[in-house]
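Notes to accompany the following structure.
The values are calculated or read from the model by the stated rules, or taken from the named source; none is laboratory data. These numbers come from a predicted model, not from an experiment. Cβ sites come from the backbone with ideal geometry, for glycine too, and all protein chains shown count toward neighbours.
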Amino acid sequence: MRDFSSKPRRRGPGGWEWALLALGAAAFLASGWSALAAQREAARVRASLDQARAETQAAQARAQGIDERGDPTRVIAAQALLSADAPPARVVSELAALLPGDVRLEGLRLVYGGRLLLEMRVSARAAASYALFLDRLARSPSFGEVLPGDENRQGEVHALVRAVWRGAGA
């Protein structure tokens with residue numbers, strides 16, 4: 001039948017238009033579900049991170065408290081706790097990442113107590129490289145209280161550097 005009116009009637013949506021609408025609604029719902037799942041995962045990760053931070057702080061407080069009491073068995077326990085948290089391989093790996101190409105670590109002494117003290121003997125071909133190493137060490141979150149010691153700057157730089165281990169990526 002033909003429509004002879006002055007304003008033609010708009011015909012309703014066809015089957016394929018309804019299918020596209022349903023597909024769009026499904027995509028919208030799927031993206032909302034995905035966003036909700038990502039938000040839940042982020043909350044779970046945040047809670048896990050907070051728990052790990054609390055455990056680390058508690059371990060550091062225990063180690064420092066044990067060291068301050070001066071009881072020999074407690075000091076040994078603190079050293080054991082710290083050596084598990086900061087094994088020499090981890091400390092050396094963190095140091096190696098900070099060394100410029102022409103700076104060598106000639107000696108390393110690790111003193112485990114209430115905290116880990118490092119005494120490093122380094123040599124560098126140029127004073128600028130040694131200065132770069134000191135800068136990297138001071139800016140590193142893993143090390144603190146960087147204290148350059150005796151230096152010999154005749155030709156190559158030979159120096160003694162002391163620092164305190166704060167923890168990997170602390």
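Of the candidates GLU55, GLU94, the single residue that is in contact with a Phe, Trp or Tyr (Cβ under 8 Å, 6 or more places away or on another chain), modelled with pLDDT of 80 or more and in a helix (DSSP H, G or I) is GLU94. Selection of first residues in region 99-119 that are modelled with pLDDT of 90 or more and of second residues that are surrounded by fewer than 15 Cβ atoms within 10 Å (Cβ to Cβ) and assigned to a strand (DSSP E or B), restricted to Cβ pairs under 6 Å at least 6 apart or on distinct chains, gives the following pairs, ordered by first then second residue: GLU119/ARG109. Do the conditions hold for ALA128, that is, is it small (Gly, Ala, Ser), more than 24 Å from the chain's Cα centre (by Cα) and not in a strand (DSSP E or B)? Judged against the criteria, ALA128 is a match.
Report yes if some residue within region 143-156 is under 25 Å from the mean Cα position of the chain (by Cα) and either assigned to a loop (DSSP other than H, G, I, E, B) or without any contact (Cβ under 8 Å) to a residue 12 or more places away in the chain (or both); otherwise report no. The answer is no; no qualifying residue exists.
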